Each structure stands twice: as C-alpha cells, then as structure tokens.
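A short write-up of the structure that comes next.
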Amino acid sequence: MAGSISNVIYQTFIRRNAVFLTTIFASAFAFELAFDTTSNKIWDSVNRGRQWKDIKYRYLNKDEEEEE
Amino acid sequence: MLARSALCVPSRAIARQSLGKTTTRASSTAAGAESASSPFYLTLTASLATAAAAGSAAWYYHLYGQEAFASTPAEEGLHATQYPWVHERFNKTFDHGALRRGFQVYREVCASCHSLTRVPWRSFVGTMHTVDEMKAFAEENEYDTEPNDQGEIEKRPGKLSDYIPSPYKNEEAARAANGGALPPDLSLIIKGRHGGCNYVFSLLTGYPDEPPAGASVAEGMNFNPYFPGTGIAMGRVLFDGVVEYEDGTPATTSQMAKDVVEFLNWTAEPEMDDRKKMGVKSVALLTGLFAISVWIKRYKWAPIKTRKIVYSPPVAPRR
C-alpha cells in the first residue's frame, strides 16, 4: 500500500524534472506564506494591545470626528 | 641461558621498582626498601621550589590580580535597581501607548534642555502618532531653507523629514544656559549609559528631598545617589502631575519616568520590534532545519552504525 502511494508521488512530482522544480518552488512559496501568516498572528496575540495597530483606532477616530 | 636470565631479573625488578615508587608496589618487594627513603636535600629542594612558586604567584596576584578601584563608592554612583521591564523580554514589543506618553513627557519636560537630534519627525508616524499629528508638531518648528537666488537663507516651517531641533544653538549656548553643564543628547542615552533603562529610571526617580547628612553638594548642583559623583546639575524635574496624559493614565513620578525611559529606549533602538519578531521567526525556522539535518544524519548513518563486521577465519584445509 505504502509502496503504491510513494510510487504515485514519484510518478506525479519527481519523475519529470520540470514538475519536480515547479513543485519545489511552489511549495516554498506556499510555506513562506503560511509560516509568515501564522507567526505574525502568534506575535500579535502575544503582544496584544501593545502595538500601534492595536491603539491607533483611538487617534484615527478622533481625527475623523474633528473633520466631521 | 639460565644464568643470563637469572642476572637479568634483579636489574629489571629494580628498574620497575624505581619507576613505580609512588604507587603501592614499593612494599611488595624488599628490594625497594633502600631507595624508598629520599635524601634530605631532595626534600629541601622540593619544599623551597614549592615555596618560591607559591610566593611568586601570591606576589604577582598582589601586584596585578586585584581589582583596582580608582573611584570611591560615591564617585562610582549607586548601582541602579533591576526592574522587570516588559519591553525588554525577547518576545515583547514596545508598549506603543507608553511610547506616546513618553514622547509627551519628553516634549513637555525634557525638551527644554535635552536635544533628540537623531530622531526625525517621520519616525513617529505609524509608531505612536498619526501623520496629521506629526505634521502639526513639525510645523511648530522653524528650519533653514536652502539659499535662494540672492544667497540668503530664510526660515520655513518644519516637515516630516526634518529632525527634531535641539533647544540650544550649540554646545556653548547649552553650557551657558545650564551653569556650565551640558545636557546630553538623549537619542542614544539608553544605549550609552551603564544600566540602560534601569539607570535612567533610577536617576529620574532617585532624587532625595534633601541630601543626606555629610554629603557635600557643590553650588548649583543637586544630589542624586545614582549619578556618578552624586552631584548632578539637573534638578528633579518629574513631580506628580507635571504632565497631563491624554489617555487618563495617572501622571505619577514613576509612571512618567517609566514612560519616558521606554520612549528613550525606542529612540535608541527604533528597530527593536522588527528585530525581535524576525529573531523569533528565524530561531523557529532554524530549529526545524536543525531537526531535519539530525534526522538526515541518522538516516544516512543507520546502515553504517548498525552493521556488524564478522571475521570468519579461513577454514584450515583438511589433511
């Protein structure tokens, strides 16, 4: 069973070099997106309320009220 | 043949005896009894050599080994207390609300004497202030223009790209206004002082109501135990309620000192937030890569480590 699965993987992704390279580049791109998104989310939750994006609503809203 | 071996044996036994004298073998044979007691001059020489070595080491330590204190404890200054700064933890950013309050303290209290020349107005935008607020702050100050057609330099209101102007024209003017003492530029003061945040906080909050008995305070100076030399030209400036915070935080002395210290840490290290985030990310990635490399090493070495080398002797041909 496992042999057939690895065989499928080999046939689909590894056998042809162009496909193999494309797989590597695409998965690197996807990994970086996923890694950055996740780690930024964790970072923002650890630092909740401390960063500018957490407190800027106070000051931006005030400006809009003044404009109105 | 027999006689020769009989001659040889005692000499070999003696040689072995003298080599292994320090071990317990000495008592096992009677032959070593004479050589076991060393002559007196050997003991004397060894004792003298040991005494000379120990003495010269002690003399050398006395000359060069001791820590030298050029200053008295008063000149050294009281060592600052360690405070648990949240923004100094490896996974915490600056508290940008505190930065905003700290900038208010700087603007309303410190800026009358201390410059902040390495910080441009633009660096506040998106960190603790909005663009419009910072433009308003920048326009309150005048800057020189480029020379016009007549070669004259005029004044223009400040822009976001300008740096915060210093309160005095030059060092001499600053000294003249402060009784000969130069207020240091605060841009990098947290990096530039031993103790960093702890020192500046202790200095700002450490002014006693009156100098302790026996302390000599020069004319025009103030007593602060944390300042090296204890005589500081800057007086206590942070009193409860000197500043009125817009977010309603009670403006106690320690609150203002804490906020302005965090703000000054930001001016010294504006890149800290990004640096820490990037550091955490790269440590996480490198941990994963290290785990993979360990796995690959074990994978490649498994057949080598687990193989068994067997020697099968050639079968002797039957006769």
Taking segment B:120-154 and keeping residues away from chain A (no Cβ under 14 Å) and at positive phi leaves B:151
Residue ID - nearest to the other protein chains (Cβ to nearest Cβ), chosen from residues in segment B:96-119 that are surrounded by fewer than 17 Cβ atoms within 10 Å (Cβ to Cβ) and closer than 17 Å to residue B:269 by Cα = B:118
Which of the residues spanning segment B:219-253 are within 14 Å of chain A (Cβ to nearest Cβ) and of a type outside the set (D, E, K, R)?
-> B:245, B:248, B:249
Residue match in segment A:12-23 (condition: in contact with a helix residue (DSSP H, G or I) (Cβ under 6 Å, 6 or more places away or on another chain), within 13 Å of chain B (Cβ to nearest Cβ), assigned to a helix (DSSP H, G or I) and at pLDDT below 95) = no
Output yes when any residue across segment B:133-146 is in contact (Cβ under 8 Å) with a residue 40 or more places away in the chain and in contact with a Pro (Cβ under 6 Å, 6 or more places away or on another chain), and no when none is.
-> no
Return a yes/no flag: does segment B:253-264 have any residue that is touching a helix residue (DSSP H, G or I) at 6+ places or on another chain (Cβ under 9 Å), without any contact (Cβ under 8 Å) to a residue 60 or more places away in the chain, closer than 20 Å to residue B:203 by Cβ and in a loop (DSSP other than H, G, I, E, B).
-> no
Restricting segment B:274-311 to residues that are away from chain A (no Cβ under 14 Å) and of a type in the set (A, V, I, L, M), the one nearest to residue B:93 (Cα to Cα) turns out to be B:291
Of those in segment B:62-95 that are surrounded by fewer than 17 Cβ atoms within 10 Å (Cβ to Cβ) and acidic (Asp, Glu), the residue farthest from the other protein chains (Cβ to nearest Cβ) is B:67
In segment B:125-208, which helices (runs of 4 or more DSSP H) lie fully inside it and hold 2 or more residues that are among the acidic types (Asp, Glu)?
-> B:131-139, B:171-177
Residue check, residue B:235 in contact with a helix residue (DSSP H, G or I) (Cβ under 9 Å, 6 or more places away or on another chain), under 20 Å from residue B:181 (Cα atoms) and of a type in the set (Gly, Ala, Ser) = no
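The values are calculated or read from the model by the stated rules, or taken from the named source; none is laboratory data. Since this is a predicted model, take the numbers as computed values, not measurements. Cβ sites come from the backbone with ideal geometry, for glycine too, and all protein chains shown count toward neighbours.
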